[in-house]
Amino acid sequence: MNIDQVQAKAIQVFQSDTFMVHLWEDRTRGEQWVPSYDPKVLGLVEDEFLRTVSNNAVDSGRRSFEFRALELGTHHLEFSKRMAWKFTAEDRRIFKVIVSPLSS
């Protein structure tokens with residue numbers, strides 16, 4: 001999948017504030033969302049999985065990532081849906097994080 005073919009979604013946040021990204025993950029299929037970002041400008045605060053479907057055959061739910069905006073500017077945040085047996089990402093979600101100064 002070409003990165004230019006994926007539409008980036010904008011997230012606007014103030015510096016030092018946190019924001020959430022929620023993604024559906026089917027662990028039955030071996031899916032796992034892996035974030036890629038510059039840790040100097042975005043800090044990962046929490047990574048949580050909330051199981052919404054669970055029985056003997058299915059284990060899937062919502063994966064929630066909480067980040068803190070550390071630096072002003074426009075930053076790139078990319079999630080790749082990885083599977084252990086594949087060398088390439090199954091899917092991608094790209095976000096453009098726009099960090100503004102706190103207004104006084």
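The values are calculated or read from the model by the stated rules, or taken from the named source; none is laboratory data. Only a predicted model underlies this, so the values are computations on that prediction, with no experimental measurement involved. Note: ideal-geometry Cβ built from the backbone for every residue, glycine included; neighbour counts use all protein chains shown. To get the accessible areas, we keep the full protein, side chains included, count just its heavy atoms, and leave off ligands, DNA and RNA. Shrake-Rupley method; radii C 1.70, N 1.55, O 1.52, S 1.80 Å.
Figures for the structure shown
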| quantity | calculated |
| --- | --- |
| The stretch 16-104 - accessible surface per residue (Å², probe 1.4 Å) | 60 |
| Low-density loop cleavage sites - trypsin sites (Lys or Arg not before Pro) in the stretch 10-104, where at most 12 other Cβ are within 10 Å (DSSP) | LYS40, LYS86 |
| Full-stretch length increase - ALA10, ARG62 - with 0.36 nm per residue and alpha-carbon distance subtracted | 16.7 nm |
| Å³ per residue enclosed by the Cα convex hull of the chain | 105 |
| DSSP-assigned coil residues among chymotrypsin sites (Phe, Trp or Tyr not before Pro) in the chain, each with at most 15 further Cβ atoms within 10 Å | TRP85, PHE87 |
